[in-house]
Each structure stands twice: as structure tokens, then as C-alpha cells.
Amino acid sequence: MGATGFKEPTMAWIGLASLWIIGFIGALMRFIMAFYQVQISEDLGISRGFISTAWSTNLLLAALCAPLGGWLADRYGPKKVLLAASLLGIAGAGTVAFGQNEIVFFVGYGIICGFAGIGSTTTYMLIFDWFKHHRAKATGLLASASSLGLAITTPLFVSAGTLTWKDAFLASFVLGLAVTVPVILFGIRGSRPGNRQAAEIPDADSSASSERREATPDAPRAPRISFPPAAAYAPVFLAVAFALFTCGFNMGTVEMNLVAIHQLANVSPETIALAMSVLGVMEIAGSLAVGYALDRIDKLVMMTLLYGVRIAGFAVLFLHLGWSPVLFAVAFGITYLSAIPGGLLVAGEYGKGRGKQAGWLLLFHQAGGILGSLVGGLSFDFFGDYQALIGADILLCALAALGYCLLFATRHRRRRRNEAMESAAG
């Protein structure tokens, strides 16, 4: 196998393209649950709370299956586990598409698709095995698949007009069988079982973004989870854990309820489609911009600003102004993919290396996502709108920003005191 001019084997880039196609198709499931919640509720005669419970069950099972998937990938190889996970996702989509009742919906999406979480670590294990010099570039390209999938899928379905959530689930099922499975079988070269040590050796291109690779929201690499040390209760870890919980709550709100919020405010389908496309594009632009800034600005200042932008975005969403959908998409999209890696970088830099306990911190994010999606449906069933949910997002973001701000102020005072002591001693 010859190497290309990029110092990587040709098969590595072919494999990356294959994984990108798989991620792009996977974005269709993300689109369905974000866009068709109201229609699913009406067609099946179920409450928003029931749909939120199915979503939360999916997230919970995916989180619990991630460590199992890592063990299976070590034993049998990540390609086989990725294939098994894809088949579970296809089976779940097919179950919903052909069943079309509330129990079948819960089993198909909430449970079967949740078990597909065994594959959440496999794509990155493959990337780390294939790439030695350009891992960060490869993971960045891979992360763009879901965002571009959302940006392109939304206007396609909205412009068609006659397509429904049933058609979307059927499309996910057919594309999975016709494209995803062949791409895995013929486009991906598997690594040897147990060959993770070589895949985890950092290089110049990837060492600066190792935490970011562990924190990608669509398919995070599951690190080893151990009981937190006593230092986890120090202010820096408490602030990061709460911020990651807030980020998860925000994502649960947006992924599960954003379109329903716009529909309740009588936003036109065309504007909703535009906003969802803007959200997908801004996710990519924001990850690049914030990633660049994190390398050049104090991380605590940057994270305070990030949650400040989210506060502004949710405030605009709460007011339901004419351009609220697009303005919110810009504000939230800029921060969407950066809160997790930024938080882990803070934990690593200011926690004296203990930020490597990423598995423990990511549990807070997952818990926030489950709670955010669940509260959204229950809030609508109780209040008849999503204002309380949006208000909770604003409050949580304000507390997260305050936590980072207090950490910065504390460290700044400590730095000045140390400088004064050194000056006096000199």
C-alpha cells in the first residue's frame, strides 16, 4: 500500500471518505427527530413527553453501550463492531418505518437504535489506527459529515413538501442497507483486534487536540471511566462538570425540541429549513473559529464568552422575534462543537493534568443531554409551550459562564499575589 503526498497510506484516505459517507447518512436520523417531533406526536397519538422519553432512552443506552463497544472492538476489531452497530441502527429505522405505532416507535428508536451506541468509539479507533501524521485533520473532516448532512438534508425534505417522518425513516433504512453496509464491507480496512496501543500514540498534528477527539458530540471516543479522585471536587472540576452538564442540557433542548419551538411560534417551514441549514454550517465554522481562539486566548475567558453567546442566543429564542430562528442558529451553531473540548482543555490545563479523567466529566454532559430532552417534552405537556425549558437553558448558561468567570478571577488574583511576593522577595 503506497503512501500519498500527505504521508499517509492511500487506504487511510479512502477509509476516511467511507466513514464520512456513513456519518453523512447518519445525520438523517438526527434530522428526523429534530424536525418531525410534532408530526410524529400527531400521527401516533402520543405526547411530546413520550417522544422525549424514547430519545432519552436512546441516549442512555448509547452511553451505557459505549464501553461495551470499546471492549468488543478490542477483541474483534472496530470494523466488525461498526458493522454490527450499523445493522442495529438500520434495524431500528426499519422497525419504526414499517411498524408505525407508539410501542414500535419506542422499541425501534429508543431501544434498538440505542444499542447501536456500541459503535460510538469505532470510527475514531479506525482513524487513530490509519493516520499517523494527520489525525487532527482527519477527525476534523469526519466531524463535518453530520453537520453538512443536517444542512443539506433539511432543505431537501422541506422543499419536497410531501415527504413525512415515515419517508425519512424509510430513507434511513434503505440508505443504510444500500450504501452504509457496502461502504463498511468494501471501503474500510479494519485494524487488528487489540491494536489500540499504536493507534493511541500522539503525534505533532494530533496532540494539541486529543481532548477534542475524545469529545466530538456525534461519536465520542469512550475513555476509560474510573471513580473520580478527590481533586474532582476542587473548584475547577466542579465548574467544568457543571458547564458540560449545561452543554448537554442545551444540546438536548436543541436536538429534540428546536423545530417544535419554531413551529409553535408559527415560523414558516422555509424559515425553519433555512435556520437548520445555517445551524449545520455554523457548527463547522464555529468549531474552526473557537478552536483557533482557544489556542490564543485564555481558555477561561474564551469559555466564559462562549456561554455568554449561548445566553444571547437562547434569549433571542425566548423572545420569538422575526429572525429568532436564524439568529439563534448562528449563535448556538458557533458554540455547538466547542463547549466540550474547551471544557476538557480547561480541566487538563488548570487541573494539573487531571483533565484526562474525561470519561467522568463526559458523564455529566451525557446526563445533561438526557435530562434536557426529557424535560422538553414534559415541559410542553405541562405548560403547553417551551418557554420554561428555554428559561432553564438561559439560567444554566449564566451559571456556567459565572463558574468560568470566577475561576478566571481567582486565578488572576492568585497570579498577581504571587508576582507581588516575588517582586518583594527580589
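Is it true that GLY15 is on the phi < 0 side of the Ramachandran plot and open to solvent by less than 40 Å² (accessible area, probe 1.4 Å)?
So GLY15 fits the description; yes.
Having 1 or more residues that are within 20 Å of the chain's Cα centre (by Cα), among the hydrophobic types (A, V, I, L, M, F, W, C) and not assigned by the TED database to the domain that holds LEU258 is the bar; report the helices (runs of 4 or more DSSP H) wholly within the range 1-90 that clear it.
Correct list: 10-35, 48-76.
Is it the case, given these coordinates, that GLY110 is within 30 Å of ARG48 (Cα to Cα), in a helix (DSSP H, G or I) and either among the β-branched types (Val, Ile, Thr) or within 19 Å of the chain's Cα centre (by Cα) (or both)?
It is true that GLY110 is within 30 Å of ARG48 (Cα to Cα), in a helix (DSSP H, G or I) and either among the β-branched types (Val, Ile, Thr) or within 19 Å of the chain's Cα centre (by Cα) (or both).
Of the residues PHE173, PHE245, PHE186, PHE237, which is modelled with pLDDT of 80 or more, surrounded by 15 or more Cβ atoms within 10 Å (Cβ to Cβ), under 25 Å from ILE21 (Cα atoms) and not charged (D, E, K, R)?
Values: PHE245 fails: under 25 Å from ILE21 (Cα atoms); PHE186 fails: surrounded by 15 or more Cβ atoms within 10 Å (Cβ to Cβ); PHE237 fails: under 25 Å from ILE21 (Cα atoms).
Every option except PHE173 fails the conditions.
Check the range 390-404 and report whether any residue there is at pLDDT 95 or above, surrounded by fewer than 16 Cβ atoms within 10 Å (Cβ to Cβ), not assigned by the TED database to the domain that holds LEU59 and not hydrophobic (A, V, I, L, M, F, W, C).
yes
One line per residue, one yes/no per condition, for (1) within 28 Å of LYS137 (Cβ to Cβ); (2) of a type in the set (Phe, Trp, Tyr):
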{"position": "PHE24", "(1), (2)": "yes, yes"}
{"position": "MET29", "(1), (2)": "yes, no"}
{"position": "PHE35", "(1), (2)": "no, yes"}
{"position": "LEU44", "(1), (2)": "no, no"}
{"position": "ILE51", "(1), (2)": "no, no"}
{"position": "LEU59", "(1), (2)": "no, no"}
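I want to confirm something. Restricting to the range 292-323 and keeping residues that are in contact (Cβ under 8 Å) with a residue 60 or more places away in the chain and not hydrophobic (A, V, I, L, M, F, W, C), which single residue is farthest from ALA401 (Cα to Cα)?
ASP295
Within the range 115-152, which residues are of a type in the set (Phe, Trp, Tyr) and open to solvent by 10 Å² or more (accessible area, probe 1.4 Å)?
Result: PHE115, single match.
Yes or no: THR123 closer than 16 Å to TRP55 by Cα and assigned to a helix (DSSP H, G or I)?
On the way: closer than 16 Å to TRP55 by Cα: no; assigned to a helix (DSSP H, G or I): yes.
Answer is no for this residue.
Scan the helices (runs of 4 or more DSSP H) fully inside the range 266-361 and keep the ones with 1 or more residues being open to solvent by less than 20 Å² (accessible area, probe 1.4 Å), modelled with pLDDT under 85 and not aromatic (Phe, Trp, Tyr). Before you say what the answer is, go through the steps one by one.
Numbers: elements: 269-294, 299-319, 324-336, 339-350.
Once the helices (runs of 4 or more DSSP H) in the range 266-361 are filtered for at least 1 residues that are open to solvent by less than 20 Å² (accessible area, probe 1.4 Å), modelled with pLDDT under 85 and not aromatic (Phe, Trp, Tyr), what remains is 269-294, 339-350.
The values are calculated or read from the model by the stated rules, or taken from the named source; none is laboratory data. As the structure is a prediction and not an experimental result, all values here were calculated from the model. Don't worry about glycine lacking a Cβ; one is built from the backbone with ideal geometry, like all the others, and counts go over all protein chains shown. Side chains are part of the model used for accessible areas, which takes the heavy atoms of the whole protein and leaves out ligands, DNA and RNA. Shrake-Rupley method; radii C 1.70, N 1.55, O 1.52, S 1.80 Å.
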